[in-house]
Amino acid sequence: MSVDRPRPLVAGNWKMNGLRMSAKVLGDIQAGYTPGLKAKVDLLVCPPATLLYTFAHISVGSRIAVGGQDCHAKESGAHTGDISAEMLADAGATYVIVGHSERRQFHGEKDADVCAKAVAAHRAGLTAVVCVGETREEREAGKTLNVVKKQLRGSIPVDSNSQNLVVAYEPVWAIGTGLTPTAADVAEVHGLIREELKRLVGKADHGKVRILYGGSVKPSNAAELMAVENVDGALVGGASLVAADFLAIAGAYLT
Ligand code: PGA
């Protein structure tokens, strides 16, 4: 583990889950974010857009960041149902996830769309959490590294740096399935991402960009996954909805 490893980030992606009463979960996360944890790891919660403003309000002073799960590339306009990065920032978000595989799969988002959204995030002063990852077929065909490389080159904007970019490696087949890659497989892909970041954000900054692993992260596997070289935190779906589990995952950094 290198000494100048970036400060870890554990991020919760709530997806389409959560009602106003879920503010209690955020309160429990806040209560469990002890000084010991604060010293070791940053926390981010990405609730549905309907809860963003409330969550941002509750989080003031807690050092827990809140973020959106997607944004439109444009600042405003005739785009029914969409939300701009500026609107997310206005609601109190400081991060936004872009290019999650569920957006790529169910909304047909391509790398160029993801890149445009990341550009929008930067325009609004948000940190973009750019997601990449292969499908099961791609892994079985031995294409993982090429797929991830292509997604990175197509999705990360030129103005990216370690302050406005986080990369999340999320193998599609591991999301919500309980399956995870081996530590060696995670190390291989994260190593490739770190190497690619040299050309995408520059040699001086590439080591400081946080690279998260996502896909069935749980309290029981967090320590092993977080110990892998070039894994600087986690993007957590299902387990982030339970405060104790989310905190236990972050707790992997206490050991
Ligand atoms: P999961 O989801 O932790 O439920 O597998 C991760 C994600 O999609 O970000």
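The values are calculated or read from the model by the stated rules, or taken from the named source; none is laboratory data. Quick caveat: nothing in here was measured; it's all calculated off a predicted structure. Don't worry about glycine lacking a Cβ; one is built from the backbone with ideal geometry, like all the others, and counts go over all protein chains shown. Note: areas computed on protein heavy atoms with side chains; ligands, DNA, RNA excluded. Shrake-Rupley method; radii C 1.70, N 1.55, O 1.52, S 1.80 Å.
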key: Qualifying residue in region 217-224 (condition: polar (S, T, N, Q), surrounded by fewer than 20 Cβ atoms within 10 Å (Cβ to Cβ) and either within 16 Å of the ligand (Cβ to nearest atom) or on the phi < 0 side of the Ramachandran plot (or both))   = yes
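Here's the yes/no breakdown for (1) of a type in the set (G, A, S); (2) farther than 26 Å from V167 by Cα; (3) within 16 Å of the ligand (Cβ to nearest atom):
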position	(1), (2), (3)
R5	no, no, no
L9	no, no, yes
N13	no, no, yes
N17	no, no, yes
M21	no, yes, no
D28	no, yes, no
A31	yes, yes, no
G36	yes, no, no
Test for V148: is it surrounded by fewer than 21 Cβ atoms within 10 Å (Cβ to Cβ) and either at pLDDT below 95 or over 18 Å from Q69 (Cα atoms) (or both) = no
key: Matching residues in region 116-148 - criterion: being closer than 17 Å to G191 by Cα, small (G, A, S) and within 16 Å of the ligand (Cβ to nearest atom)   = G133
ask   = Do we find that K117 is outside any loop (DSSP other than H, G, I, E, B) and on the phi < 0 side of the Ramachandran plot in this structure?
value = yes
message = Name the residue that is surrounded by the most Cβ atoms within 10 Å (Cβ to Cβ), counting only residues in region 32-49 that are farther than 21 Å from R210 by Cα and without any contact (Cβ under 8 Å) to a residue 24 or more places away in the chain.
response = T34
Cβ-Cβ under 6 Å pairs, at least 6 apart or on other chains, region 77-101 side within 19 Å of I156 (Cα to Cα), far side open to solvent by 10 Å² or more (accessible area, probe 1.4 Å) and of a type in the set (K, R) = V98/K117
task = Kindly indicate whether any position in region 163-172 is buried (at least 18 other Cβ atoms within 10 Å of the Cβ) and more than 14 Å from the ligand (Cβ to nearest atom).
result = yes
query = For region 225-248, how many residues are open to solvent by less than 50 Å² (accessible area, probe 1.4 Å) and of a type outside the set (S, T, Y)?
reply = 16
task = Working only within region 225-255, note down all residues that are within 11 Å of the ligand (Cβ to nearest atom) and of a type in the set (D, E).
result = D245
